[in-house]
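Engineer: Dropping a structure here in structure tokens format, bear with me for questions.
The values are calculated or read from the model by the stated rules, or taken from the named source; none is laboratory data. What you are looking at is a predicted structure, and each value in this text was computed from that prediction instead of being measured. Cβ atoms come from the backbone with ideal geometry, glycine included; neighbour counts cover every protein chain shown. Surface areas here come from the heavy atoms of the whole protein model, side chains and all, with no ligands, DNA or RNA. Shrake-Rupley method; radii C 1.70, N 1.55, O 1.52, S 1.80 Å.
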Amino acid sequence: MPTEPETDYDPTLGNKFIFVTGGVMSGLGKGITAASTGRLLSNAGFDVTAVKIDPYLNVDAGTMNPYQHGEVYVLKDGGEVDLDLGNYERFLDEDMTFDHNVTTGKAYKHVIEKERAGDYLGKTVQIIPHVTNEIKRRIREAAEGHDVCIVEVGGTVGDIEGMPFLEALRQFAHEQDDDDFLLTHVTLVPYSKNGEQKTKPTQHSVKELRSIGLQPDVLVGRCDDRLEPKTKEKIALFCDVSTDAVFSNPDVEDIYHVPLLVEEEGLDEYVMHRLDLADRALPESERDNEWRELVTQETTGEVDVALVGKYALEDAYLSIHEALKHAGLEKNVDVNVLWVDSDEMTEAHERRLEEADGIVVPGGFGSRGLDGKIEAVRYARENDVPFLGLCLGFQMAVIEYARNVLGLEGAHSAEVAPDAEHPVIDILPEQYEVEDMGGTMRLGAHETAIEPGTLAEEVYGATSCTERHRHRYEVNPEYFDAFEGEDLVFSGHSGNRMEILELEDHPYFIGTQFHPEFRSRPGRASPPFVGLLESVLATAEQREEVEA
Ligand code: GLN
């Protein structure tokens, strides 16, 4: 049996690792707990990065349905990853790369390819040590050059899929010095009928962890409220940690408040102390306070923005919700997002569209809901409602304009109507031969040149922008001339590609072939979203003046 380790592990690297596992059930928000810990360490002056482990066989998230895992998040290097990576980018204000998402599919694929290439020299290739070593190697590489690396293990402890990762984690703990490794376990603390906080699920899930050789250092209890002192004591006693290593993560309306809540209980201090970082941390008076100031500021009003999409699920458009929130933080208003079903525009949904102060048409694939999106574009265009179309939303704006302004009735996208009379949206030339659906799109950050003197230039305050992409189709060059001379302007280009469109006779009508939402951060909101809210607020002001 092959036993000798084959990692390139260099114990002198000196990174600190915080692993985060989850117990009892999924969807507890351990990603937010992990990201919040990272934010606090970064406030204290440390360079923090993150790795998300997804124990599924997909190599990446690119082919996954948003109903199962929420949106596919796109990184600057074009990696299509789990939406949790988006939370890490937003909380840490750090750009991640594809290497920061480790899936079962990726690890196995690499090992199997090496086996086929004969790299294992006749050995039996096994989960332990080959797959586990591959997992450890990926984590250590992603951590290189950072002070602290937070590693979130997706799924719930006890899942069969997660086992190779937890075994890798066990070895990791064994190989690291004690003060370079910390295991945080996030569990659920439910209430009994008579209002008592129950610790049994936590006890069971820690027992499960211990049966695979892992002892948590920190326990975080997700609960409706803060954990009571006696709940913490009980968890400490039965799970073998000290009481001050048990923290609450109560329900909050705004996930951006989680760092503040866990800070109040001293999670950051405890972690720094355990990882022997306390001496290197900035003194409290010098720590970065920007996050707290930003997320606790008073807002001065609220606006309603319609999001016209086919998924009734916030996670399917998570980054758009977040980008609207960031723009709201910048403009000091709360943004209510009203979901308008593009697939079944019932009367109620139509009313929502009409009530909204601004309209966003998001990205998407396939034919479902396109008519509703086109109708929403038309409504925004004809009624001077501030509008932002993203990727598919941009393409629908091109089609709507071609049909209803240029009179090209047969205008459509070749994605859903390959025989359209006017394929104003057509496949990218480099996609003609593609048959494999994984990772085949135009992906990641590309630069767009912005026309001077346009709304786009005003919005970005620059004559170029670099935003992330994820598409197979684009504006068909054969129709560029047809759009000339009307009030539609393509104000952003990337070579011969149309990247931004705007309308001259409209308060705010912008479409982007790219996805600006993926680069939006708290404190650094995405310009097209800020522009949308500015226009919404200006329109509201005008309305008030007229009424007065
Ligand atoms: N389906 C369209 C394309 O492939 C739009 C993609 C998107 O909105 N991300 O070009």
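Engineer: So, in region 165-184, exactly how many residues are assigned to a helix (DSSP H, G or I), open to solvent by 20 Å² or more (accessible area, probe 1.4 Å) and out of contact with any Gly (no Cβ under 6 Å at 6 or more places or on another chain)? Quick ask: steps written out before the conclusion?
Structural biologist: Initially, region 165-184 is screened for residues assigned to a helix (DSSP H, G or I), giving 165-175, 178-180.
Going one step further and asking which of them are open to solvent by 20 Å² or more (accessible area, probe 1.4 Å), we end up with 167, 170-171, 173-175, 178-179.
With out of contact with any Gly (no Cβ under 6 Å at 6 or more places or on another chain) added as a condition, the list becomes 167, 171, 173-175, 178-179.
Here the count works out to 7.
Residue-by-condition table, conditions (1) part of a loop (DSSP other than H, G, I, E, B); (2) within 16 Å of the ligand (Cβ to nearest atom); (3) buried (at least 18 other Cβ atoms within 10 Å of the Cβ):
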{"position": "GLU486", "(1), (2), (3)": "yes, no, no"}
{"position": "ILE500", "(1), (2), (3)": "no, yes, yes"}
{"position": "ASP505", "(1), (2), (3)": "yes, no, no"}
{"position": "ILE510", "(1), (2), (3)": "no, yes, yes"}
{"position": "VAL530", "(1), (2), (3)": "no, no, yes"}
{"position": "SER535", "(1), (2), (3)": "no, no, yes"}
{"position": "ALA538", "(1), (2), (3)": "no, no, no"}
{"position": "GLN542", "(1), (2), (3)": "no, no, no"}
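Engineer: Something else about it: Hey, LEU318 hits all of (1) in a loop (DSSP other than H, G, I, E, B); (2) buried (at least 19 other Cβ atoms within 10 Å of the Cβ) but one; which does it fall short on?
Structural biologist: Every condition holds for LEU318 apart from (1).
Engineer: When only residues in region 16-32 that are surrounded by 19 or more Cβ atoms within 10 Å (Cβ to Cβ) and assigned to a loop (DSSP other than H, G, I, E, B) count, which is modelled with the highest pLDDT?
Structural biologist: Kept after step one, since they are surrounded by 19 or more Cβ atoms within 10 Å (Cβ to Cβ), are these residues of region 16-32: 16-24, 28-32.
Subsequent filtering for residues that are assigned to a loop (DSSP other than H, G, I, E, B) retains 23-24, 28-29.
Details: GLY23: 89, VAL24: 81, LEU28: 86, GLY29: 84.
That would be GLY23.
Engineer: Considering only residues that are over 21 Å from MET25 (Cα atoms) and acidic (Asp, Glu), look in region 216-259 and name the one that is surrounded by the fewest Cβ atoms within 10 Å (Cβ to Cβ).
Structural biologist: It comes out as ASP254.
Engineer: How many of the residues making up region 190-215 are surrounded by 16 or more Cβ atoms within 10 Å (Cβ to Cβ), under 22 Å from ASP178 (Cα atoms) and β-branched (Val, Ile, Thr)?
Structural biologist: 1
Engineer: Same structure, new question: Can you confirm whether region 114-134 contains a residue that is of a type in the set (Val, Ile, Thr), within 21 Å of CYS391 (Cβ to Cβ) and open to solvent by 10 Å² or more (accessible area, probe 1.4 Å)?
Structural biologist: Going residue by residue through region 114-134, those that are of a type in the set (Val, Ile, Thr) are 124-125, 127-128, 131-132.
So of that shortlist, the ones also within 21 Å of CYS391 (Cβ to Cβ) come out as none.
No - not one qualifying residue is present in region 114-134.
Engineer: What is the number of the single condition among (1) modelled with pLDDT of 90 or more; (2) farther than 21 Å from ASN383 by Cβ that GLY366 does not meet?
Structural biologist: Unmet condition: (1).
Engineer: Same structure, new question: So which residues in region 275-295 are in a helix (DSSP H, G or I), farther than 21 Å from ARG521 by Cα, open to solvent by 60 Å² or more (accessible area, probe 1.4 Å) and not polar (S, T, N, Q), if there are any at all? Give the derivation first.
Structural biologist: Within region 275-295, the subset in a helix (DSSP H, G or I) is 278-280, 284-286, 290-295.
Imposing the further condition that a residue be farther than 21 Å from ARG521 by Cα reduces the set to 278-280, 284-286.
Still in the list and also open to solvent by 60 Å² or more (accessible area, probe 1.4 Å): 279-280, 284-286.
Listed by number, the residues that qualify are ASP279, ARG280, GLU284, GLU286.
Engineer: Additional query: For region 38-73, how many residues are farther than 23 Å from SER26 by Cα and surrounded by fewer than 18 Cβ atoms within 10 Å (Cβ to Cβ)?
Structural biologist: Within region 38-73, residues that are farther than 23 Å from SER26 by Cα and surrounded by fewer than 18 Cβ atoms within 10 Å (Cβ to Cβ) number 2.
Engineer: For region 354-463, list the strands (runs of 3 or more DSSP E) that sit wholly inside it and hold at least 2 residues that are within 11 Å of the ligand (Cβ to nearest atom) and either out of contact with any strand residue (DSSP E or B) (no Cβ under 9 Å at 6 or more places or on another chain) or open to solvent by 10 Å² or more (accessible area, probe 1.4 Å) (or both); which are they?
Structural biologist: Those strands (runs of 3 or more DSSP E) span 422-427, 442-450.
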